[in-house]
Amino acid sequence: INGYAEQQDILNPYMSVLETIEFTANCRLPDNVDKHAIVNQVIELMGLQEYSNMIIGREKEGEGLPKHARKRVTIANQLVVQPKVLFLDEPTSGLGVNAAALVMGAVRRSTDALGLITLVTIHQPSRKMFELFDDLLLLAKGGKVAYCGELGPQSKTLVDYFTSLTGEEGPPIFVNPADFVLGVLDDGSAGDAAPTFKLSNMSEKMISLIDEDMRN
């Protein structure tokens, strides 16, 4: 049901990309499915076609795959078991902006194509990367929920909500929404964000949806 890709890429350096994903498929998929078709679909969704016959190599020795391709193989190893929910622990850690965009673009493509629920922990995303997501769960100090809901088109729902906390005008259109939200919290609203959200209509809607799912 669930897939979990760790932050660290734990891969056999002496196998190729194709061999790695095929090995996972053979170990974890039932015999009555077309494993070959599933493997090929995952490789295509993760954009690994050009690396499929490349040996993964020892990363510390500078061998084999570039970092962004290693990360995509790690995620592909989870996708090939056909989960309904995919958890990714900081999939862009250690990557530059362009490499991170390749990884997250592949994640978004796979999520849409396979009908997944994908949950990602991510730090300091660019605006382009941030707006690949549909919803945001933002935790304040102590693990308290400061926001949980839709981003909205071009993050408008999120920005409007945090603008209301400041009582000031919203940020210029070129500002990264993620930076704006963290800036609001850093400027002294962190202590108010969690109790304010708890009393908001958005929180009531979220709790109502959870209760409905639990009943069903």
ask   = Quick one: how many residues across the range 3-30 are in contact with a strand residue (DSSP E or B) (Cβ under 8 Å, 6 or more places away or on another chain), farther than 16 Å from LYS71 by Cβ and not aromatic (Phe, Trp, Tyr)?
value = 2
key: Single residue of the range 105-150 satisfying the filter (touching a helix residue (DSSP H, G or I) at 6+ places or on another chain (Cβ under 6 Å) and farther than 27 Å from MET202 by Cα) that is surrounded by the fewest Cβ atoms within 10 Å (Cβ to Cβ)   = ALA113
query = Among the numbered criteria (1) touching a residue at least 40 places away in the same chain (Cβ under 8 Å); (2) small (Gly, Ala, Ser); (3) crowded, with 18+ Cβ neighbours inside 10 Å, which single criterion is violated by SER93?
reply = (3)
note = Residues of the range 135-173 being among the hydrophobic types (A, V, I, L, M, F, W, C) and within 23 Å of the chain's Cα centre (by Cα), in sequence order, are LEU136, LEU137, LEU138, LEU139, ALA140, VAL145, ALA146, CYS148, LEU151, LEU158, VAL159, PHE162
Residue within the range 166-179 that is under 25 Å from GLY94 (Cβ atoms), touching a residue at least 12 places away in the same chain (Cβ under 8 Å) and of a type in the set (A, V, I, L, M, F, W, C) present = yes
inquiry  = Just to verify a result, which residue in the range 171-216, among those that are over 21 Å from ASP134 (Cβ atoms) and of a type in the set (Lys, Arg), is surrounded by the fewest Cβ atoms within 10 Å (Cβ to Cβ)?
reply    = ARG215
Test result for ILE1, touching a residue at least 12 places away in the same chain (Cβ under 8 Å) and under 19 Å from THR121 (Cβ atoms) = no
task = Just give me the residues in the range 23-58 being among the charged types (D, E, K, R), in contact (Cβ under 8 Å) with a residue 12 or more places away in the chain and over 27 Å from ALA100 (Cβ atoms), in sequence order.
result = ARG28, LYS35
query = Would you say VAL103 is within 22 Å of THR24 (Cα to Cα) and either in contact with a His (Cβ under 9 Å, 6 or more places away or on another chain) or aromatic (Phe, Trp, Tyr) (or both)?
reply = yes
request  = Looking only at the range 4-15, decide whether some residue is crowded, with 18+ Cβ neighbours inside 10 Å, among the charged types (D, E, K, R) and within 27 Å of ILE122 (Cα to Cα).
outcome  = yes
ask   = Got a number for residues in the range 29-44 being over 23 Å from the mean Cα position of the chain (by Cα) and part of a helix (DSSP H, G or I)?
value = 3
remark   = Considering residues that are surrounded by 15 or more Cβ atoms within 10 Å (Cβ to Cβ) and over 18 Å from THR121 (Cα atoms), the number found within the range 156-165 is 6
note = Of those in the range 21-74 that are of a type in the set (Asp, Glu) and closer than 20 Å to PRO91 by Cα, the residue most open to solvent (accessible area, probe 1.4 Å) is GLU44
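The values are calculated or read from the model by the stated rules, or taken from the named source; none is laboratory data. Everything numeric here is computed off the predicted structure, so don't read it as measured data. Neighbour counts run over all protein chains shown; Cβ positions are idealised from the backbone, glycine included. Side chains are part of the model used for accessible areas, which takes the heavy atoms of the whole protein and leaves out ligands, DNA and RNA. Shrake-Rupley method; radii C 1.70, N 1.55, O 1.52, S 1.80 Å.
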